[in-house]
1. If I ask for residues that are under 33 Å from the mean Cα position of the chain (by Cα) and of a type in the set (Ser, Thr, Tyr), which ones from the stretch 81-125 would you list?
Amino acid sequence: MLDINPILLLATFVVFLTLIAVLNSWLYNPLFAYMNKRDEDIKRDLEKVSSNDNEIAELIAKAESIVMNAKLEAAALREKVITDAKELADSKLEAKRAELAGEYKEFEKTLADTKEQLNRDLLTKVPLFKEAVEAKFSQI
């Protein structure tokens, strides 16, 4: 049958405890330390990512505000340019109206002078017309 040898049992027990101690110091403790360090690194990276998300959100908000300000400035500049263009067009229009009014006044004066000249010419030729009409009536 089986005999239990106490020395062999004790030697196996000592070898087992020695193996557990060696594995604990050489394998388990470094492995647990590595796993703990990895967990801490993961937590730290997640915190960095969340802080990066916050920074990204802040940068996006800042960029949106810059774009909004640029749009407002562009709209103001556009309105100013439109206003300036309207003022320039109005001033040119007024200058042209004044020029045309002057030309119209000159035309009216020339027309009045021409009318007066024609009246004088007709008045000087009235005796000739009168004689011609009398000659025609005398022929009839």
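1. Thr83, Ser91
Residue by residue, here is whether (1) of a type in the set (Val, Ile, Thr); (2) out of contact with any Cys (no Cβ under 7 Å at 6 or more places or on another chain); (3) modelled with pLDDT under 95 holds:
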position	(1), (2), (3)
Glu94	no, yes, no
Arg97	no, yes, no
Tyr104	no, yes, no
Thr114	yes, yes, no
Leu122	no, yes, yes
Val126	yes, yes, yes
Phe129	no, yes, yes
Phe137	no, yes, yes
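The values are calculated or read from the model by the stated rules, or taken from the named source; none is laboratory data. What you see is a predicted model; the values in this text were computed from it and never measured. Ideal geometry is used to build each Cβ from the backbone, glycine not excepted, and the neighbour counts take in all protein chains shown.
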